[in-house]
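Peer 1: Quick one: the structure is below, questions incoming.
Derivation of every value follows stated rules applied to the coordinates shown; laboratory data play no part. Not measured: the values here are computed from a predicted model. Here the Cβ positions follow ideal geometry from the backbone for every residue, glycine too, while neighbour counts run over all protein chains shown.
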Amino acid sequence: MPYSLFVSDLHLCPTRSAIIRVFFDFLRGPAAQAEALYVLGDLFDYWMGDDDDDPFNASVLTALRELAGRGVALYLMHGNRDFLIGKVCAEKAGANLMQDPTLIELYGTPTLLMHGDTLCTDDVRYLEFRAKVRSPTWQQQFFAQSIAARKQIVAGLRSENNAEKKLKTEEIMDATPAGIETALREHGYPRLIHGHTHRPARHEHVVDGRHCERWVLADWYTNGSYLACDGGGCRATKLAAA
Ligand code: MN
C-alpha cells in the first residue's frame with residue numbers, strides 16, 4: 001500500500017553528528033520507499049540564509065535531493081528555527097516549500113499540516129517575536145548582514161529566548177485547546193499533523209461535535225522518529241538512537 005512519511009524537529013546541526021547518520025539511514029531506508037516525505041519544520045537547528053555555503057547544510061540538501069531523484073515527492077515547511085529557508089535551498093534539496101498551514105488530501109482523509117508553533121496561543125511573547133522576524137523588513141535587514149553577523153544576531157535572540165523560556169510554564173509552551181480547535185474549525189475538521197512541542201502523541205478532539213485526530217510528531221534528540229500514513233491510518237515508528 002502506498003504511504004507518506006512525516007518528520008519534524010530534527011534540529012540538524014554539525015555538533016550532533018550521530019543524528020545525521022540516523023537521518024541519512026532513514027532517507028535511504030523507509031523514506032526511499034515512500035510516495036512522499038513531509039518535513040514539517042525545524043529540519044535544521046538554524047538557517048542563516050540560502051547564501052550560507054556551510055558544507056554540513058550542503059550535505060543534508062544533497063541527501064534530500066538524492067531522495068527526490070528517486071521519485072519521492074519532498075515537501076519542506078518552515079519551523080521556528082529554520083524559517084529563513086528560501087527557494088534556493090528548496091531547489092537544491094529538490095523539495096517544494098509548503099505554507100504553514102497546508103491542508104492536503106491524504107489517501108482520502110483531509111489532513112492539516114502545521115509546524116505547531118502557532119498552536120501555542122498562550123505564548124503571546126513568542127507569537128509577537130514570530131511576527132517580527134517573519135516580516136519582510138526584518139528579513140531584509142537580516143540578510144543585508146554578513147553570515148558571521150547573522151550568527152551573532154541569532155545567538156543573541158536565542159539567549160534572550162532561553163532566558164525567557166525559564167520563566168514560562170510548560171503549559172504556556174504547549175499547543176492550547178483554543179489554538180487547536182480554531183485550526184480544526186477553520187479547515188473543516190480535518191486530521192491534524194504537527195510537531196514543535198516535542199510531545200509525541202495521538203490525540204482525539206471533538207470540535208463542534210466533529211471528531212478529529214491529532215498526531216504530534218517526535219523530535220530527533222534521543223532517537224529518530226517518523227509518522228507513516230496510508231489509506232488505513234497513521235502510525236509512529238522510532239528509529240535508532242542518535
Ligand atoms: Mn519548532
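Peer 1: Suppose we look only past 18 Å in the calculated P(r) of segment 194-242. What percent of the Cα-Cα pairs does that tail hold?
Peer 2: Result: 37 percent of Cα pairs exceed 18 Å.
Peer 1: Still on this structure, I have one more. Taking the convex hull of the Cα atoms, report for segment 4-118 its projected area averaged over all directions, in nm².
Peer 2: The orientation-averaged projected area of the Cα hull of segment 4-118 comes to 6.7 nm².
Peer 1: Give me the net charge of HIS115's neighbourhood, meaning all other residues with Cβ under 11 Å from the Cβ of HIS115; Lys, Arg count +1, Asp, Glu -1.
Peer 2: Residues near HIS115 contribute -3 overall.
Peer 1: Assuming a viscosity of 1.002 mPa s and a temperature of 20 °C, what translational diffusion coefficient in µm² per second does Stokes-Einstein assign to segment 56-144, Rh being the Kirkwood radius over Cα pairs? Don't skip to the answer; put the middle values down first.
Peer 2: Details: Rh = 14.9 Å.
Reported coefficient: 144 µm²/s.
Peer 1: A follow-up question, please. Considering only the other residues whose Cβ falls under 14 Å of the Cβ of GLN141, what net charge follows from Lys and Arg at +1 and Asp and Glu at -1? The partial results should precede the final answer.
Peer 2: On the way: positive: LYS132, ARG134, ARG150; negative: none.
Around GLN141, the charge tally is +3.
Peer 1: Something else: Among THR176, THR118, which comes first, second and so on when ranked by fewest other beta-carbon atoms within 10 Å? Walk me through the numbers before you get to the answer.
Peer 2: Numbers: THR176 15, THR118 20.
By the 10 Å Cβ count, ascending: THR176, THR118.
Peer 1: Mind ranking 18-27, 106-115 by how tightly packed they are, going by the mean number of other C-beta atoms within 10 angstrom, highest first?
Peer 2: So the peptides 18-27, 106-115, ranked by packing, come out 106-115, 18-27.
Peer 1: Looking at segment 1-107, which GluC sites (Glu not before Pro) are DSSP coil and have at most 16 other C-beta atoms within 10 Å of their C-beta? List each step's numbers first, then the result.
Peer 2: Working: sites: GLU35, GLU66, GLU91, GLU105; in loops: GLU35.
Loop-located and lightly packed - GLU35.
Peer 1: So what's the back-of-envelope 222 nm ellipticity for the chain, counting only DSSP H runs of four-plus at -39500 (n - 2.57) apiece and dividing by all residues, rounded to 500?
Peer 2: Taking each H run of at least 4 residues, the total per residue is -10500 deg cm²/dmol.
Peer 1: Decide, for segment 1-45, between rounded, prolate and oblate: order the square roots of the alpha carbon gyration tensor eigenvalues as a ≥ b ≥ c, take rounded if a/c falls under 1.5, and otherwise choose prolate if a/b is larger than b/c, else oblate.
Peer 2: Note, shape of segment 1-45 comes out oblate.
Peer 1: What's the whole-number percent of alpha carbon pairs in the chain lying beyond 33 angstrom?
Peer 2: The answer is 16 percent, as a whole percent.
Peer 1: Pick out which of ARG158, ARG199, ARG191 has the largest mean-square fluctuation in a Gaussian network model of the chain, springs linking Cα atoms closer than 10 Å.
Peer 2: ARG158
Peer 1: Sticking with this structure for a sec: For segment 55-87, which trypsin sites (Lys or Arg not before Pro) pass both filters: DSSP loop (anything but H, G, I, E, B) and at most 16 other C-beta atoms within 10 Å?
Peer 2: Numbers: sites: ARG65, ARG70, ARG81, LYS87; in loops: ARG70, ARG81.
Of the trypsin sites (Lys or Arg not before Pro), the ones in loops of segment 55-87 whose Cβ has at most 16 other Cβ atoms within 10 Å are ARG70.
Peer 1: Out of the chymotrypsin sites (Phe, Trp or Tyr not before Pro) in segment 190-242, which ones are loop residues according to DSSP with at most 15 other C-beta atoms within 10 Å?
Peer 2: TYR221
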